[in-house]
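Before any comments, here is the structure.
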Amino acid sequence: MNNKIKLAVAGAVLASASVANAGITWDAGEWTVDMNGNVNAFAIVADNKDTAQAQGALTNIESNDSTATSINTGLLPSWLGFTATTRQNDIDTSVTISFQPGASTTGALAGGGGAEQRQAFLTFGDKSWGSVKVGKDLGIFGSTAILNDMTLLGVGAGSVTAGNTTTLGRIGTGYVYADWIGQIAYTTPNMNGFQATVGITQPWNAEGDGVTSARSTGGSDNFAYEGQASYSWTGDFAGKAWVGAFYQDVTGLTADNLDEDAQAFEAGIATTVMNIGLTAYAYSGEGVGTTGMLVNGFDSDGNKRDSDGGYVQATYVIPTGTKLGVSYGMSKLDDNAGDAANNLVKENTMLTVGAYHPLTKHLNLVAEFSNVESKNNIGQSNESDTIALGAILFF
């Protein structure tokens, strides 16, 4: 995507103390207030080719219908965010709160859909020593993978079921969702392109096959730990490379209160050369699952399942300003000995081609096609072809 669109996406998804890429700003005493966000909606049609649903599949099987439709937001929800910043006692401080209204529902008199509140955090720091974040925001592990995903401007995979706040994009078909989570994190100053973030985060419940949230607190004992380090460079061949890690102790997995751990590692690179953008990303984990953190990561005996995946992506901006892109990714979940006869998902894959046209500096028209295929442990598979047409406007 071009720089203006990318800055807008990053600003809307991952707000920061900086107002360099602000939306609508005004001064209020000692504070500068930034109001920013987006509105988007898509007409989504999914053609479902099979009905043998795998547990954890990301295909659009809905009541065994061959076709499912929806008017809904895409991977990025509609967004209204407020950030207030000031500098006092040689410290930059900020507070950010945001709201994400839904766009769809199947029930009359339901008010038009649900809503989320994904951000509520404060930051303080200085460019000489870094910054500290306290509150709820996008998680650290997996965050750069989703920010570089071209389906962030569109729909990608996942549910066309009306009433959901968003679709899934490439979540579960190339990366595990970073999600929105309570955290206390420290980010170093930018040191000639190198920067790192480490933090403690709210631990997740282990959920899924044979494991219930009631029997797996996931962490009244210990926090989760996340970190990511990156190096960015500029010039004719600009880009960013990053690595990251996640770790969490997981308790109460079985009646015997089995104690295990979940961990994952990631690496990626995103580059631009003239009008060409290239991204490659990979992750590997134990106990983390394939879509949401710790979902289907453990079997009914409390044993960890291995998982891995990644995606590759290429985009090209033609002279009209339209960005054309193609992306392919997969997420795999290895079965354990006790999984041989169940229908747990073994692999989700997705191929997406898309066109993203900036009609104005702020308004983008989007056309996407995605083919999603899911396979389970007993040899069954299902497949969905999804077409999405819509628009997204940033401010």
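The values are calculated or read from the model by the stated rules, or taken from the named source; none is laboratory data. Keep in mind that this is a model prediction, so the values were computed, not measured. Don't worry about glycine lacking a Cβ; one is built from the backbone with ideal geometry, like all the others, and counts go over all protein chains shown.
Couple of notes before you dig in:
- Options 193, 239; residue that is small (Gly, Ala, Ser), modelled with pLDDT of 95 or more and buried (at least 16 other Cβ atoms within 10 Å of the Cβ): 239
- Residue satisfying all of: in region 319-348; hydroxyl-bearing (Ser, Thr, Tyr) and modelled with pLDDT of 95 or more; surrounded by the fewest Cβ atoms within 10 Å (Cβ to Cβ) among these: 322
- Residue check for residue 113: modelled with pLDDT under 95 and farther than 30 Å from residue 349 by Cβ: no
- Subset of region 375-395 [without any contact (Cβ under 8 Å) to a residue 40 or more places away in the chain and aliphatic (A, V, I, L, M)]: 378
- Exactly one residue out of 270, 282, 241 is over 21 Å from residue 334 (Cα atoms) and free of Cβ contacts under 8 Å to residues at least 60 places away in the same chain, and it is 241.
- Residue selected from region 270-306 under the condition acidic (Asp, Glu) and crowded, with 18+ Cβ neighbours inside 10 Å, by the criterion nearest to residue 142 (Cα to Cα): 286
- Considering (1) at pLDDT 95 or above; (2) surrounded by fewer than 16 Cβ atoms within 10 Å (Cβ to Cβ), the lone condition that residue 96 does not fulfil carries the number (2).
- The set of residues in region 362-395 that are of a type in the set (Asp, Glu) and either touching a Pro at 6+ places or on another chain (Cβ under 8 Å) or surrounded by fewer than 24 Cβ atoms within 10 Å (Cβ to Cβ) (or both) comprises 373, 383, 385.
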